[in-house]
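Beneath this line is the structure, given in structure tokens, with notes to follow.
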Amino acid sequence: MQSTSYTYLTNIAGQVRRDIVRMVHGCQSGHPGGSLGCTDYLVALYFQIMKHDPSFNMNGRGEDLFFLSNGHISPVFYSVLARAGYFPVKELATFRKLDSRLQGHPTTHEGLPGVRISSGSLGQGLSVAIGAAQTKKLKGDNSLIYSLHGDGELQEGQIWEAAMYAAHNKVDNLIAAIDVNGQQIDGPTEKVLSLGDLKAKWLAFGWKVFEVNGNEMPEIIRVLELAKESAFKGVPIMLLMQTNMGHGVDFMMGSHKWHGVAPNDEQLELALKQLNSTLEDY
Amino acid sequence: MKKYTFTEKKDTRSGFGAGLLEAGRRNPDVVALCADLVGSLKMEAFIKEFPERFFQIGIAEANMMGIAAGMTIGGAIPYTGTFANFSTGRVYDQIRQSIAYSDKNVKICASHAGLTLGEDGATHQILEDIGLMKMLPGMTVINPCDYNQTKAATIAIAEHHGPVYLRFGRPVVPVFTPADQPFEIGKAWTVNEGEDVTIFATGHLVWEAIQAGEELEKMGISAEIINIHTIKPLDVESVLRSVAKTRCVVSAEEHNRLGGLGDSIAQVLIQHDPVPMEYVAVNDQFGQSGTPAQLMKKYGLDAEHIVKAVQRVLLRKKSTVTSLV
């Protein structure tokens, strides 16, 4: 891939980060930390890696599908969907407001294009992704399923039910990713409930594991391409993605304190100074 | 006029198994999932004919509900199979978020509901599932009464787009609905026309209501028996039409009296036509081990208790009429 293309993707990521802090500031609620940390991954998926159609059809036949399991990082999901053409960018201003399609956590219920499952209550998305992957196989559809999960989310038992099932059933058209930022609401995961050796765990569960720096665009693209090449080989695929919570805004970076807190006017201004507007603000 | 004929005894779960096979033959999108209870749910025939459309999940009901939700994306129509307790209480949040709130076309098929599961005891005898499921917006709740009706309902729900909770049971019980009777979701079935009281019954209690009706007839009491197989959406029109004639009501269900069929009927009556009503249901208790017949008697769910409830409600109806005079 040409370096100009990385610049293009990095520019989009910069705009998405502006959207995130402005959306969360606009309603004075929401989750900026994880959203900023996962921005590069989602931009890579929707602007480079996935074969998808913004005119949106729920069944998505012939398309790669993405499922967000850690639904609280809805700001990044909504911004990326809007910037990719799923719905008008100006609708981002309605985030978390009454009668909006952009609910606090993503849902199909209000008919927002691009969303295929409700998420927010944690631990459910891997099962959903597996189900969608199995229907693709049943229908002879050779496109891929992607899913994203928080690391704290791995404390939910359903994730491990799904992990066991996917390996047993050779769900090899699935590329899941975990946002390993080491933070959750009550503090560092190591203090709240240690996740242990994640790589060893997923390997032991029978998955192919890739490790990647989730805030380095060229590396994300490289590893996602490798993951694609590893699909359809009998094993489900997991990306362990090291990210900084709050990446791109210095005072939000690396701390659980910005998991679910909105910036005030002054903090917004400080944040926006660090993020270039490349596609025009909504 | 009686519209039922006793033919033989069969379990409703076998009606589900037969219906699943037929639904699978009629619609290639129908797939089945099971959490390690294939034999109990009578899914073998479907698995034999459509092995590639069957998914053994293992003992992981939460994962099963999520996978079913995901499978709908792309057009599959998943039927999940496990006991009623593990189909509802164990996985309520998965159903709520990934299926109901996500508008997913999943058919949650729940066997061994209620007390008639028998000897396994209260850990497995869920009596709260109708309430749990009917409170979810958009969820259709169906509790058929015999083999034929369960089979017909299992076939019919494939044609209905949206989440469905289909509840049936373990024991062998009388078959009395016509084998060729089409199943209409949300349309009550008048089993027996009468004048003095309406008995609204669902599931295994429909046969008990029929037995009660025959006893009542000997006493000179004419009972209208209406089978409410679809608890949600409730056939409000049929309820009100019958009550307008009989002016008193007994509800009968194998469920906690809180949150079940009785409460759905009572809500309609309170709003439109308040008449005396009695419940035949479990009185906010857990069950216990025993044979189905012993449990139905002990917890007040058999024909004898329906007769007593009718006698109580008729006294109240009479006193209401007297006080009005």
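The values are calculated or read from the model by the stated rules, or taken from the named source; none is laboratory data. If you're wondering where the values come from, they're calculated on a predicted model, not measured in any experiment. Virtual Cβ from ideal backbone geometry, glycine too; neighbours counted across all protein chains shown.
One table, with the values for the structure above:
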item	result
Helices (runs of 4 or more DSSP H) within segment A:20-115 that include 2 or more residues in contact (Cβ under 8 Å) with a residue 24 or more places away in the chain, buried (at least 24 other Cβ atoms within 10 Å of the Cβ) and of a type in the set (Ser, Thr, Tyr)	A:39-44, A:74-83
From B:LEU269, B:LEU258, B:LEU295, residue being part of a helix (DSSP H, G or I), over 17 Å from B:ILE228 (Cβ atoms) and in contact (Cβ under 8 Å) with a residue 12 or more places away in the chain	B:LEU295
Test: residue in segment A:243-261 that is assigned to a helix (DSSP H, G or I), charged (D, E, K, R) and more than 20 Å from A:SER5 (Cβ to Cβ)	yes
Matching residues, segment A:193-219, being out of contact with any strand residue (DSSP E or B) (no Cβ under 7 Å at 6 or more places or on another chain), more than 19 Å from A:GLY34 (Cα to Cα) and surrounded by 15 or more Cβ atoms within 10 Å (Cβ to Cβ)	A:LYS201, A:PHE205, A:GLY206, A:PRO218
Hits in segment A:167-201 - residues which are acidic (Asp, Glu) and touching a residue at least 24 places away in the same chain (Cβ under 8 Å)	A:ASP172, A:ASP179, A:ASP186
Segment B:262-276: number of residues that are crowded, with 21+ Cβ neighbours inside 10 Å and touching a Leu at 6+ places or on another chain (Cβ under 9 Å)	2
Flag if A:SER121 is among the hydroxyl-bearing types (Ser, Thr, Tyr), more than 9 Å from chain B (Cβ to nearest Cβ) and surrounded by fewer than 24 Cβ atoms within 10 Å (Cβ to Cβ)	no
Enumeration of residues in segment A:269-282 that are under 23 Å from A:GLY104 (Cα atoms) and surrounded by 17 or more Cβ atoms within 10 Å (Cβ to Cβ)	A:ALA271, A:LEU272, A:TYR282
Segment B:54-89: number of residues that are in a helix (DSSP H, G or I), more than 7 Å from every other protein chain (Cβ to nearest Cβ), among the hydrophobic types (A, V, I, L, M, F, W, C) and closer than 21 Å to A:MET164 by Cα	3
Unique residue being out of contact with any Phe, Trp or Tyr (no Cβ under 8 Å at 6 or more places or on another chain), free of Cβ contacts under 8 Å to residues at least 40 places away in the same chain, in the same structural domain as B:LYS308 (by TED's automatic domain parsing) and surrounded by 24 or more Cβ atoms within 10 Å (Cβ to Cβ) when the list is B:GLY213, B:GLY220	B:GLY213
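Listed here are the residues, each with its yes/no results for (1) over 17 Å from the mean Cα position of the chain (by Cα); (2) more than 14 Å from chain B (Cβ to nearest Cβ).
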| residue | (1), (2) |
| --- | --- |
| A:ASP40 | no, yes |
| A:PHE66 | no, no |
| A:SER100 | yes, yes |
| A:SER127 | no, no |
